[in-house]
1. I want to confirm something. Restricting to segment 264-283 and keeping residues that are part of a helix (DSSP H, G or I) and touching an Asp or Glu at 6+ places or on another chain (Cβ under 7 Å), which single residue is most open to solvent (accessible area, probe 1.4 Å)?
2. From the list Ala396, Ala439, Ala445, pick out the single residue that is part of a loop (DSSP other than H, G, I, E, B) and not hydroxyl-bearing (Ser, Thr, Tyr).
3. Please verify whether segment 136-146 includes one or more residues that are open to solvent by less than 70 Å² (accessible area, probe 1.4 Å), within 18 Å of the chain's Cα centre (by Cα) and within 23 Å of Trp286 (Cα to Cα).
4. Could you please let me know if Ser422 is hydroxyl-bearing (Ser, Thr, Tyr), touching a residue at least 60 places away in the same chain (Cβ under 8 Å) and over 24 Å from Pro82 (Cβ atoms)?
5. Specify which of the listed residues (Phe420, Phe357, Phe394, Phe323) is open to solvent by 30 Å² or more (accessible area, probe 1.4 Å) and more than 30 Å from Thr232 (Cα to Cα).
6. Would segment 380-388 turn up any residue that is surrounded by fewer than 18 Cβ atoms within 10 Å (Cβ to Cβ), on the phi < 0 side of the Ramachandran plot and aromatic (Phe, Trp, Tyr)?
7. Inside segment 312-335, can you point out the residues that are among the polar types (S, T, N, Q) and not in a loop (DSSP other than H, G, I, E, B)?
8. Before we move on, is Tyr248 closer than 16 Å to Leu60 by Cα, open to solvent by less than 30 Å² (accessible area, probe 1.4 Å) and either in contact with a helix residue (DSSP H, G or I) (Cβ under 6 Å, 6 or more places away or on another chain) or assigned to a loop (DSSP other than H, G, I, E, B) (or both)?
Amino acid sequence: MAEEGIVSDDAKNTAAKPNPKLTLLPLIALIFYEVSGGPFGVEDSVRAGGGPLLSLLGFLVFPLFWSIPEALVTAELATSFPENGGYVLWISAAFGPFWGFQEGFWKWFSGVMDNALYPVLFLDYLKHSFPIFNRLIARIPALLGITFSLTYLNYRGLHIVGFSAVSLAIFSLCPFLVMAILSIPRIRVKQWLVVDFKKVDWRGYFNSMFWNLNYWDKASTLAGEVENPSKTFPKALLGAVVVVVSSYLIPLLAGTGALNSASSEWTDGYFAEVGMLIGGFWLKWWIQAAAAMSNMGLFEAEMSSDAFQLLGMSEMGMLPAIFASRSKYGTPTVSILCSATGVIFLSWMSFQEILEFLNFLYAIGMLLEFAAFIKLRVKKPDLHRPYKVPFQTFGATMLCLPPALLLVLVMCLASLRTFFVSGCVIIVGVLLYPLLVHAKDRKWAHFDAEQPAEPPLNCPAGHSSASQLHPEDADEASVGLLTDLSPDTEQEPSKLSSEEVLKLE
């Protein structure tokens, strides 16, 4: 118990120190890497779509029915609950802590599975120039070295990760901008209209589209580390939508319009060949280097979100307090190590296996998020929403309907193996929650937060629940809210702290 007290004191002392916050540009870069990281991997959409037409239409239409609704929901809920934990807070506020924990477990597990891909892909690009990485004697130490190095960068601070993501994004996207410029004289518009419906692989097509355009909600898990989240988050999400869609469409328009390649040639990594055919070997090598660097950015962004999600769940009392302990750089040390360990153990899985498992678990979690969004509109209409989707409850429900149908479609297309593995993950989450509750009741481990009675949404001045936030977490919206209240006014809603959402049912 003495050790637990020391850990708790250290965590509080560290939390009291002001840590650098994420500003707009680094947050855009982090969201970009959460969702995309560049056009690496979108080549398969041309093959699965039987030609360029369905791929181009997909990246034009899918953002309207999937990315933009998810980004709007994320903007409203992330600014209403501007603390670490993100969607765990939203689900807990709407459906209680049990479902909040399940959401957190599914999303963390899928995030770690996703992150296990990137060190492997990094080496896959390098092995074309350094064949030694095909041999296990070199590959395994390199894999561990990359994982440890990138994990250390996360440990050094989120602001460092944010600005690193900006630099990596610029480096990763520049070769495709050059390729697009060089392709202009060779563009033939009719080649964009090619499609062979007999060759369309609908399962692969929808999985490719879904995977390349999801994870907009992931950055919400570090909302507590964002400077003035009520204004920064909506702007960052809008900027990221533009960057992501452009990073897909511009290279696809250039490659498919300038070359008359068969759709079967468009597989993962084909953009390097497209660069060589349009610009020469120098452009191919640049694209390969950009792909390798992009995997670093993807790893950094995913690791940050996964670690701060565990920190937020610990601050809510769902996980032991040790997961909320911070280093001198303000980063959650134990949570980072936990996520890194999961990455190492899962890195043996193949890309296609991970893709289906990710999509299935992510789809379940997103259905729960859309349901929480609608329920909070009905159940807590006075909840302080610094940014609000400009629709009433019915309109908000209609906004969620198309992406919800897409989620159900993706789940229906999953294989039996995916159903089995995802079912096992769900069962583990259901059993883990009562075990942690029992450990908390028996004091087997130290948990920071207790679960207080439900707070009122309309608070008089001086008693706003927003006052329970750490000083560095209070943004301009909360300050304005408090200064506008008077002792006689009880109609202004307030933001909720992570502890309070646990009893909002």
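The values are calculated or read from the model by the stated rules, or taken from the named source; none is laboratory data. Just so it is clear, the model here is predicted, and its values are computed rather than measured. Cβ sites come from the backbone with ideal geometry, for glycine too, and all protein chains shown count toward neighbours. Surface areas here come from the heavy atoms of the whole protein model, side chains and all, with no ligands, DNA or RNA. Shrake-Rupley method; radii C 1.70, N 1.55, O 1.52, S 1.80 Å.
1. Tyr270
2. Checking each option against the conditions leaves just Ala445.
3. No, that holds for no residue.
4. So Ser422 passes the test.
5. Matching residue, one of Phe420, Phe357, Phe394, Phe323: Phe420.
6. No, there is no match, as no residue in segment 380-388 is surrounded by fewer than 18 Cβ atoms within 10 Å (Cβ to Cβ), on the phi < 0 side of the Ramachandran plot and aromatic (Phe, Trp, Tyr).
7. Result: Ser314, Thr333, Ser335.
8. Against the criterion (closer than 16 Å to Leu60 by Cα, open to solvent by less than 30 Å² (accessible area, probe 1.4 Å) and either in contact with a helix residue (DSSP H, G or I) (Cβ under 6 Å, 6 or more places away or on another chain) or assigned to a loop (DSSP other than H, G, I, E, B) (or both)), Tyr248 qualifies.
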